[in-house]
Every structure is written in structure tokens, then in C-alpha cells.
1. At what distance in nm do the modelled label points of residue 64 and residue 38 sit from each other, each positioned 7 Å from its Cα along Cα→Cβ?
2. Just going by the charge dipole of the range 34-114, with Lys and Arg at +1 and Asp and Glu at -1 on Cβ, which of 96, 48, 83 is farthest out on the positive end?
3. With a 1.4 Å probe and every protein chain kept in, tell me what percent of the accessible surface of the range 52-141 is carbon plus sulfur.
4. Cut-off under 15 Å on the C-alpha distance; same-chain residues fewer than 8 positions from residue 89 excluded. Which aspartates and glutamates are left, in chain and number order?
5. Separation of the range 52-81 and the range 83-136 by C-alpha centroid, Å?
6. Would you mind getting the accessible area per residue of the range 64-141, heavy atoms of the protein chains only, 1.4 Å probe, in Å²?
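The values are calculated or read from the model by the stated rules, or taken from the named source; none is laboratory data. These numbers come from a predicted model, not from an experiment. Ideal geometry is used to build each Cβ from the backbone, glycine not excepted, and the neighbour counts take in all protein chains shown. Please note that ligands, DNA and RNA were not included when accessible areas were found on the heavy atoms of the full protein model with its side chains. Shrake-Rupley method; radii C 1.70, N 1.55, O 1.52, S 1.80 Å.
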Amino acid sequence: MPRSVLWTLVVSVSWSVVTVDATKFNCPTITPYFFPCSCESGGENGLFLRCENTNLASLAVGLANVRFPIEELRLYKCHIKKLYGDVFKYLLLHKLVLEETPVSELEASVFQPVADTLTGLHFLNAPLQAIPKTALEPLKK
């Protein structure tokens, strides 16, 4: 008696709803990646980073790890009196907010590395005495 094999094909169809995330960039899953800064959220043009209660040296180290565009970098209650050096080197930064950070002096070339991308510069409750014209000249008009 010949043996016959019966093959049964079962097709399963499932419907799913696909949600599209409106943001192009998402925060990395590794939380200490930007320490002392934290990633608040992602946006269409980059990440929203917040750096709180830190100094310029630590900030420079944390920002050196950033490999994504930054839509907004918020420095909140940081211990920075003079903004200088290459703290923004290699960044694609769109908006910088200094809030309740006692910056009173800007180095003339501090914004040079982000001159092509920086479109917003906000000082909130910062005792900035003067903004050197040379610091703003390279910025995008």
C-alpha cells in the first residue's frame, strides 16, 4: 500500500496598524552617552539636549560624544562665566539656550564651529555684559 503524504498550507493574514513617528531623531538608549547632558527628546532637525549644573570642561567632554545634529542645546544653571574654546567643535547645532547660567563673557571665536547651522541664540537670566561683534559675525544671517 503506497503511502501518500498530504501537505497542508496554512496562510495566516494579520492586519496591523503602523504608526509613523513624527520625529526624525530619537534619543540614544545609552543614557550616560552625553553626560553631563541628557537627551530630553528627539525632533525633526536633531536632538533636544539639556545640560544642568555643570562646568565648561565637563560640558566639552560630553558634547564631544554627540554624533547627531542638535536641534536645541539648553545650558541650565551651569557654572560657566566665560564661554570659550572649542566646546562646539564638530557639532551641528541649531539653537543654543543659556538659562540662569552666569555667562558674562564670550570669546570672539566661540561660535565659529557652528556658524553654518546656528539659527537661534537665547540668553535667559544671564548677566552677559556685552556680546563681541566678532562672535556674531560668522553666524548665519
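1. Taking the simple label geometry, residue 64 and residue 38 are separated by 2.4 nm.
2. Working it through, the farthest residue towards the positive pole turns out to be 83.
3. Working: 2450 of 4870 Å².
Ligands and nucleic acids excluded, carbon and sulfur give 50 percent.
4. Excluding near neighbours in sequence, the set is 107, 116.
5. Rounded to whole Å, the Cα centres lie 12 Å apart.
6. Details: 4320 Å² over 78 residues.
Value for the range 64-141: 55 Å² per residue.
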